[in-house]
Amino acid sequence: MITDWLAEWYLVTKSLHVIAVITWMAGIFYLPRLFVYHAEQVETGTRTDSMFQTMERRLLRGIMNPSLIATWVFGLALVMTPGIVDWSMLWPWVKAAAVLGMTAFHGWLAVRRKDFANGANQKSGRHYRLMNEVPTVLMVVIVFGVIVKW
């Protein structure tokens, strides 16, 4: 039965989930920082613009997207593992909402990357600096929710 297998592989699944989250968060923190420099210091159509677009695309597609998928796959496997989540408590609902928020932020970053690729960015470096605080807040909510189990 699948739940027996999930229980046997719980620590491996949990480890893979943590690894995926770390790589995803690294990208979630770094991509807006690239956007700050791209918006403030790079002229559209230059070689530097092309270089930033390449870095942003590779970060999103090569690291962040696979990490997002792995985070969700291993996270859902953990949720389905018997005895791990008590849905009568508040913490799994708070974590789920924060993870959905983080996923939405990831999508927002993907749209902003396309804006840069199309030479259509309208956001300032300051805007990207402020938006870079969103994943920090969500991460704090997720970590405290899971560890403290409100």
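Does G75 count as surrounded by 13 or more Cβ atoms within 10 Å (Cβ to Cβ), farther than 20 Å from N121 by Cβ, touching a helix residue (DSSP H, G or I) at 6+ places or on another chain (Cβ under 9 Å) and not hydrophobic (A, V, I, L, M, F, W, C)? For G75, the condition - surrounded by 13 or more Cβ atoms within 10 Å (Cβ to Cβ), farther than 20 Å from N121 by Cβ, touching a helix residue (DSSP H, G or I) at 6+ places or on another chain (Cβ under 9 Å) and not hydrophobic (A, V, I, L, M, F, W, C) - is met. How many residues does segment 1-20 contain that are over 29 Å from M64 (Cβ atoms), touching a residue at least 24 places away in the same chain (Cβ under 8 Å) and not polar (S, T, N, Q)? Count: 1. Within segment 39-49, being surrounded by 12 or more Cβ atoms within 10 Å (Cβ to Cβ) and either part of a helix (DSSP H, G or I) or under 11 Å from the mean Cα position of the chain (by Cα) (or both) holds for A39, E40, T48, D49.
Apart from one condition, T13 fits all of (1) modelled with pLDDT of 95 or more; (2) β-branched (V, I, T); (3) part of a loop (DSSP other than H, G, I, E, B); the exception is (3).
Scanning segment 55-68 for residues that are part of a helix (DSSP H, G or I), more than 19 Å from the chain's Cα centre (by Cα), under 30 Å from N118 (Cα atoms) and without any contact (Cβ under 8 Å) to a residue 60 or more places away in the chain turns up nothing. When G107 is tested against (1) farther than 20 Å from A77 by Cα; (2) surrounded by 14 or more Cβ atoms within 10 Å (Cβ to Cβ), just one condition goes unmet, and that condition is (2). Within segment 70-87, residues that are in a loop (DSSP other than H, G, I, E, B) have Cβ atoms under 7 Å from residues that are surrounded by fewer than 12 Cβ atoms within 10 Å (Cβ to Cβ) and not charged (D, E, K, R) in these pairs: P82/T3, counting only partners at least 6 apart in sequence or on another chain. If you go through segment 92-126 and keep only what is of a type outside the set (A, V, I, L, M), out of contact with any helix residue (DSSP H, G or I) (no Cβ under 6 Å at 6 or more places or on another chain), over 20 Å from L59 (Cα atoms) and in a helix (DSSP H, G or I), you end up with P92, W93, R126.
The values are calculated or read from the model by the stated rules, or taken from the named source; none is laboratory data. Small disclaimer: the values here were computed from a predicted structure and weren't measured. Reconstructed Cβ throughout: ideal geometry from the backbone, glycine too, with neighbour counts over all protein chains shown.
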